[in-house]
Ligand code: FES
């Protein structure tokens, strides 16, 4: 995983941190607070153009984790959601939200976050993150559950707790911890504690890995 470039925008009451390579232009920020976030302007972030509460609320809508903040006014920092959710986007990425610990293939902790957009198509040049290449490769996957083969997951109750996401070498995301997976229509499709999720785009049993990454020659780095 390459080093991320983070640009801070400092206001009187809040610092906005922008991770360039994780932005896929979902535009929640531009739509939510156009006075603060405006790509036609330099710098494109004006943290003082709204209250720190408003800036924080809009930043927390960013599903990729490209935006974070640090309060300077004593206001609350971003809280960790009670439950870990993974949402499938039709023909697009997987949005994870919760108490997320991302680990390398050998289990070394890489970073912790509350929001991450993971590549599902296998074409990203910025693995494990989505970089919108699913559009270039015409990735077609409806974001639904296809139970055509045994599910590579262990069902269980959804509790509070850390969700560990291991980036297996040339293979799936290996998840362990309480989680709920939600399809592109907003329906819950899986609740459990263990799952292997496809990130090569070739599985016939989305969102789960079915081993097709080997035949597809998927390379994760
Ligand atoms: S990662 Fe896609 S089938 Fe295993």
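Coordinate-derived values only; no laboratory data. Only a predicted model underlies this, so the values are computations on that prediction, with no experimental measurement involved. All Cβ positions, glycine included, derive from the backbone under ideal geometry; neighbour counts span all protein chains shown.
Cα gyration tensor of the stretch 85-216, axes a ≥ b ≥ c as square roots of the eigenvalues: rounded (a/c below 1.5), prolate (a/b > b/c) or oblate? Intermediate results must be reported in sequence, preceding the final value.
On the way: a/c = 1.37, a/b = 1.15, b/c = 1.19.
Verdict is rounded for the stretch 85-216.
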Between residue 185 and residue 10, how many nm apart are label points set 7 Å from Cα along the C-beta direction? 5.1
At q = 0.13, 0.16, 0.17, 0.18 Å⁻¹, base-10 log of I(q)/I(0) for the chain (Debye sum, equal scatterers on each alpha carbon): -0.75, -1.09, -1.20, -1.31
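Can you check what the Kirkwood hydrodynamic radius comes to for the stretch 6-71, Cα pairs only, in Å to one decimal? Mind showing how you got there, number by number?
On the way: mean 1/r = 0.0874 Å⁻¹.
For the stretch 6-71, inverting the mean 1/r across all distinct Cα pairs yields 11.4 Å.
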Summing -39500 (n - 2.57) over the DSSP H runs of n ≥ 4 in the chain and dividing by its residue number, what mean residue ellipticity at 222 nm do you reach, to the nearest 500 deg cm²/dmol? -2000 deg cm²/dmol
Modelled label-to-label distance, residue 138 and residue 17, 7 Å Cα→beta-carbon offset: nm? 4.1
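Starting from the alpha-carbon convex hull of the stretch 1-117, give the projected area averaged over all orientations, in nm².
Working: hull surface 32.9 nm².
Computed as one quarter of the Cα hull surface, the answer is 8.2 nm².
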Compare 132, 13, 84 in a GNM of the chain, Cα atoms joined below 10 Å, and give the one with the largest fluctuation. 13
Highest-MSF residue in the chain out of 30, 173, 86 [GNM, Cα springs under 10 Å]: 30
In percent, what relative contact order does the chain have, based on Cα pairs under 8 Å that are 6 or more apart in sequence? 17
Can you compute the modelled spin-label distance between residue 70 and residue 39, with each label point 7 Å from Cα toward Cβ, in nm? 2.7
Name the most mobile residue of 154, 55, 89, meaning the one with the largest mean-square fluctuation, in a Gaussian network model of the chain with Cα contacts below 10 Å. 154
